[in-house]
């Protein structure tokens, strides 16, 4: 298996030591004690999930509330994975899905990228084999055409970059919310909750091969409810009094609804 990760400065292949990643031109990048590598250069600040959001997401997903999505993703990957293939998870967060899939398909190599250093430390700490990197989705430090499978789960789209790093016959697995996703949470936060627009954000640059909707109602105790609210954009976009009222609820239920699209480059 060829190493697909490249130096963000000179685009040469990176090699990995215990404490650093480095290229033949002498550029070096620190590894955290957990093993993740920061490939954000030029002093660009790391954004993404802040420590509060990352911790909430780690607890919530670790409790198994989205295990039905992970199971569906395993089924989706199973039709495309092969020995020695390279799998890229763009915007991997704390690594719940990346590590879960890597553990299911150990014959392949998974790489996760995200802006949040805190989230990536969680991901690397829990990893048996997957590798994790800080990077911006606008410039993923991966060789052209290196990804046999490219994951993109609940995150902004960058079609140009996806097209660059995906192999000619590679598969893009794109996950975005269905119209009823988290309606139970929205009812707590808003007087007139709106359904989600089921728009993938992708153009005909990527041909749709299949689409599948996964729906399940989940039941939350108070802590899990607070974690779910904290890990969503609603936490920062909703008036504080509405957030405080929802956080005070001792238990709740909500719909979850995910759309999984499998796409390939249009010919």
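What the Cα atoms of the chain give is an Rg and a Dmax of 18.6, 58 Å.
Taking every DSSP beta bridge with both residues inside the chain, roughly what % is antiparallel (nearest 5)?
Numbers: 29 of 50 bridges.
The antiparallel fraction comes to roughly 60 percent.
Residue ranges 20-29, 3-12 sort as 3-12, 20-29 when ordered by packing (mean number of other C-beta atoms within 10 Å per residue, highest first). Only bridges with both residues in the range 30-135 count here: give the DSSP antiparallel percent, nearest 5. Taking every DSSP beta bridge with both residues in the range 30-135, the antiparallel ones total about 10 percent. Relative to one another, the C-alpha centroids of the range 200-267 and the range 74-117 are positioned 20 Å apart. Taking the chain as a Gaussian network of alpha-carbon nodes connected by springs under 10 Å, the highest mean-square fluctuation of the residues 245, 119, 167 belongs to 245.
Since every read-out is calculated from the coordinates, none of them should be taken as a lab result. Everything quoted here is computed from the prediction, not taken from an experiment. Note that we place each Cβ from the backbone using ideal geometry, even for glycine, and neighbour counts take in every protein chain shown.
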